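This report refers to the structure that appears directly beneath it.
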Amino acid sequence: MTVGITHSGKTTFAKALETEMPNSVVIDQDNHAEFLHTYYQTLLPKQGHNTIKYSLTQTIVDYAINETNCHLILCNSNRNRKGRLKLLEHYHNEGFTSILVDFDVPEHVLKERVAKSKRTTKILRTASTFEEVRTRQQNETNKGDVIAPIEGEAEHLFVIKNAVEVHSVIRKIIEIADN
């Protein structure tokens, strides 16, 4: 499970891990948001939680758990500790080994990535730009339950502060999966 704010490297990491780890699948709510925005925009809620996106994600996850033997790579922000712990408990009960990868990237790097981003804004529902999302997420950090993971939340915790660390974390996760 990835943890981090927009443009911190979660999707790039998840795709790289999926490529290198046999029998794995990335579950990325950004893909689900884009699909819904493209094909079912009239069903999207105007305010509040995007329950249709969460339902779509849950359907895909349930299928992956019940119909495959894939390693699941949950690629979302997962910044709310209570929600993260609830998800981790669910996957633990399903027999999964829990791994958190926290993206603790410096703010100046995030600003630069957002400024250069070519990502579609179709996935955004309550913001018009990724800069708006980044600013909101940065302001939410360390308020309430929006906190970084700590040791003991999952069976394994990795913190990535820069792109150089990505490959070694992927190698360690593959070793865990092989054991």
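Let's see how each residue does on (1) open to solvent by less than 30 Å² (accessible area, probe 1.4 Å); (2) touching a Ser or Thr at 6+ places or on another chain (Cβ under 6 Å):
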| position | (1), (2) |
| --- | --- |
| His32 | yes, yes |
| Leu36 | yes, no |
| Pro45 | no, no |
| His49 | no, no |
| Ile52 | no, no |
| Leu56 | no, no |
| Thr59 | no, no |
| Tyr63 | no, no |
| Asn69 | no, no |
When residues of the stretch 123-150 are filtered for being charged (D, E, K, R), without any contact (Cβ under 8 Å) to a residue 60 or more places away in the chain and under 12 Å from Thr6 (Cα atoms), how many remain?
3
Taking the stretch 35-70 as the region of interest, how many residues are more than 21 Å from Phe96 (Cβ to Cβ) and part of a loop (DSSP other than H, G, I, E, B)?
8
Checking Asn76 against (1) at pLDDT below 95; (2) open to solvent by less than 80 Å² (accessible area, probe 1.4 Å); (3) touching a helix residue (DSSP H, G or I) at 6+ places or on another chain (Cβ under 7 Å); (4) farther than 24 Å from Glu20 by Cβ, the condition it does not meet:
(4)
Can you say whether Phe96 is touching a Gly at 6+ places or on another chain (Cβ under 7 Å) and at pLDDT 95 or above, as far as the supplied structure shows?
no
If you go through the stretch 19-30 one residue at a time, do you hit one that is at pLDDT below 95, in a helix (DSSP H, G or I), within 29 Å of Ile174 (Cβ to Cβ) and open to solvent by less than 70 Å² (accessible area, probe 1.4 Å)?
yes
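Is at least one residue of the stretch 96-104 outside any loop (DSSP other than H, G, I, E, B), open to solvent by less than 80 Å² (accessible area, probe 1.4 Å) and within 30 Å of Lys46 (Cβ to Cβ)?
no
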Evaluate the following for Lys10: is it touching a Cys at 6+ places or on another chain (Cβ under 8 Å), modelled with pLDDT of 95 or more and charged (D, E, K, R)?
yes
Checked against (1) at negative phi; (2) of a type outside the set (Lys, Arg); (3) free of Cβ contacts under 8 Å to residues at least 40 places away in the same chain, Gly95 satisfies every condition except (1)
Being touching a residue at least 24 places away in the same chain (Cβ under 8 Å) and in a loop (DSSP other than H, G, I, E, B) is the filter here, so list the residues in the stretch 151-179 that pass it.
Glu153, Ala154, Glu155, Lys161, Asn162
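The values are calculated or read from the model by the stated rules, or taken from the named source; none is laboratory data. Model, not experiment: these values are computed from the prediction. So basically every Cβ, Gly included, is an ideal-geometry build from the backbone, and we count neighbours across all protein chains shown. Ligands, DNA and RNA are stripped out before the accessible areas are found, and what is left, the full protein with its side chains, is counted by its heavy atoms. Shrake-Rupley method; radii C 1.70, N 1.55, O 1.52, S 1.80 Å.
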